[in-house]
1. Can you tell me which aspartates and glutamates have their Cα less than 14 Å from the Cα of LYS36? Leave out same-chain residues fewer than eight positions away.
2. Can you give the FRET efficiency for ASP463 and ASP494, using 1/(1 + (r/R0)^6), R0 = 41 Å, r = Cβ-Cβ distance, to the nearest 0.05?
3. Just subtract the alpha-carbon distance of LYS36 and ASN417 from 0.36 nm times their residue separation and send over the number in nm, one decimal.
4. Please identify which residues in the stretch 43-58 have an amide N closer than 14 Å to a label point set 7 Å out from the Cα of TYR106, following the Cα→Cβ vector.
5. Could you tell me which of SER125, LEU93, GLY42 has its Cα farthest along the dipole of the stretch 15-160 towards the positive end, charges placed at Cβ (Lys, Arg +1; Asp, Glu -1), taken about the Cα centre?
6. If you place +1 on the Cβ of every Lys and Arg, -1 on the Cβ of every Asp and Glu, and leave all else neutral, what size is the dipole of the chain about its Cα centre, to the nearest 20 Debye?
7. Apply the Karplus parameterisation 6.51 cos²θ - 1.76 cosθ + 1.60, with θ equal to phi minus 60°, to every residue of the stretch 478-495 and state each ³J(HN,Hα) to the nearest whole Hz, in sequence, with x for glycine and proline.
8. Does anything in the stretch 18-51 have its amide N under 19 Å from the 7 Å Cα→Cβ label point of ARG235, and if so which residues?
Amino acid sequence: MTSASSLFHGIVSGERRRDHADVAARAARIAGGLQKLGIKPGDCVCILMRNDIAFIEAAYATMMLGAYAVPINWHFKPDEVAYILGDTGTQVLIGHADLLHPLAGYVPSGVTVLSASTPPEIRTSYTIDPASLDVLSSAIDFEKWLAQQSPYDGPALPQPQNMIYTSGTTGHPKGVKRFAPTPEQAASAERMRAMIYGLKPNARALCPGPLYHSAPNSFGLRAGKLGGVLVLMPRFDPEEFLRVIEREKIDTIFMVPTMFIRLMKLPQSIRDKYDMSSLRHIIHAAAPCPADVKRAMIDWWGPVIYEFYGSTESGAVTFATSEDALKKPGTVGKISPGAELRFIGEDGRELPQGEIGEIYSRIAGNPDFTYHNKPEKRTEIDRAGFITSGDVGYIDADGYVFISDRKRDMVISGGVNIYPAEIEAVLLAVPGVHDCAVFGIPDDEFGEALMAVVQPTSGVTLDVGAIRAELAKSLAGYKVPKHIEVHADLPREDSGKIFKRRLRDPYWTKAGRQI
């Protein structure tokens with residue numbers, strides 16, 4: 001058996017390993033270089049990279065200066081990236097070489113572009129044009145630049161969290177800019193993250209999700225400073241994921257439910273092949289997890305599965321253990337220490353236990369936030385200091401919180417409110433259904449009608465009539481979708497969430513209305 005002392009301590013990506021001392025030294029030199037480029041406290045440094053050790057180093061360096069590291073979703077088109085560069089007013093963009101090539105002509109003048117080599121594990125995980133691996137003539141080679149920098153030796157400054165741009169449902173994304181914490185707030189946030197993420201000193205952590213997303217970003221940056229190991233995956237591959245857990249003796253992971261589903265699709269022989277006994281704390285969030293999938297994961301890995309509910313703006317406002325999930329299937333847990341929740345009805349009044357309303361929350365001990373360059377947008381989600389991400393749900397008599405749906409996804413058909421998440425949960429239990437999305441489309445008679453798009457399990461042929469009959473067994477007639485389509489695949493964001501808007505929007509565009 002491998003002893004703890006013989007295990008590697010540092011950050012791992014593919015076959016590359018960099019110990020904590022090297023990471024810290026490089027981050028200090030990056031910070032020194034950024035300071036020479038004019039970066040000051042409160043400024044923004046944009047990072048356009050896939051999961052990479054250099055991403056972590058650049059973020060640490062920016063935070064060292066009291067500035068905001070701004071991870072950019074690398075799936076964005078050039079004009080979307082250009083919008084964020086302009087909105088942040090950044091002076092520096094650090095990016096992987098292949099991601100910078102499409103930006104020629106889109107980067108605002110005066111921005112210094114540092115081109116980092118796209119590492120081999122990323123090149124093999126994605127189809128990358130070899131011609132795009134060269135350093136652009138308008139960019140500076142990151143490693144050559146770094147070799148010329150001296151370490152930052154200025155005062156220790158309050159370190160703000162990375163500024164994450166939320167996708168939103170309409171218009172441009174908004175940068176969630178959380179103010180630098182006071183010492184008391186920093187200590188409180190560390191206690192909260194230790195509980196939610198399960199990250200302890202010398203934790204052996206695995207981050208399979210993209211670092212440009214809020215929770216993986218927060219998880220990864222904290223895990224990289226605890227003295228153990230942080231393993232970054234360039235993308236999630238189910239069997240490679242299991243192989244890494246066994247090889248690195250991983251104990252702590254941040255995941256999303258789609259990853260659970262893909263793991264459960266592996267043959268039993270593959271699942272049994274790898275040793276999972278090191279696992280201690282698996283935290284998931286970002287999307288609802290079907291209760292049967294959660295139970296299957298607990299059966300496999302033991303009571304090490306945890307869940308939180310929250311948003312980039314709110315932080316983690318609920319927390320659920322494996323025991324909670326088994327006791328109350330479908331719950332996102334109880335209210336986190338220090339958090340407060342209110343459930344608000346359509347008439348604006350606060351609702352009692354058991355009634356479904358829009359969820360508003362706050363954590364008084366968290367540093368406050370604003371939307372970068374758009375402070376007025378906060379009023380759209382703020383009610384007396386409590387904020388909402390548009391989710392609706394309820395709290396039961398035992399204090400367990402349940403999410404019914406996104407408010408914007410709610411379908412009103414014939415004057416009746418219908419919550420697609422309820423229907424999706426039933427659909428996922430239908431044999432042969434791998435995944436699904438339910439949403440409203442225009443209907444001349446009822447205003448909206450339910451549409452379900454279903455992705456079959458590989459090798460299975462689904463019959464729409466049979467699906468409808470299965471749903472009718474457990475759903476009221478008005479909840480059975482009027483329209484059901486079978487698609488071989490569903491559009492997804494990099495986090496694994498179904499990109500429901502891409503399925504829904506064409507119907508509304510054709511109808512010439514939004515509601």
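Any read-out appearing in this document is the output of simple, stated calculations on the displayed coordinates, not a laboratory observation. All values reported here derive from a predicted model rather than from experimental measurement. Cβ: placed from backbone, ideal geometry, glycine included. Neighbour counts: every protein chain shown.
1. Reachable aspartates and glutamates: ASP153.
2. E(calc), rounded to 0.05, equals 0.80.
3. My answer for the length gained is 131.5 nm.
4. Of the residues in the stretch 43-58, 47-49 have backbone N under 14 Å from the label point off TYR106.
5. Going by the Cα projections, it comes out as GLY42.
6. In debye, rounded to 20, the chain gives about 720.
7. Once θ is set to phi - 60°, the couplings for the stretch 478-495 become 6, 8, 7, x, 5, 10, 9, 10, 10, 10, 5, 8, 10, x, 9, 6, 5, 6 Hz.
8. Counting only backbone N, you get 48-51.
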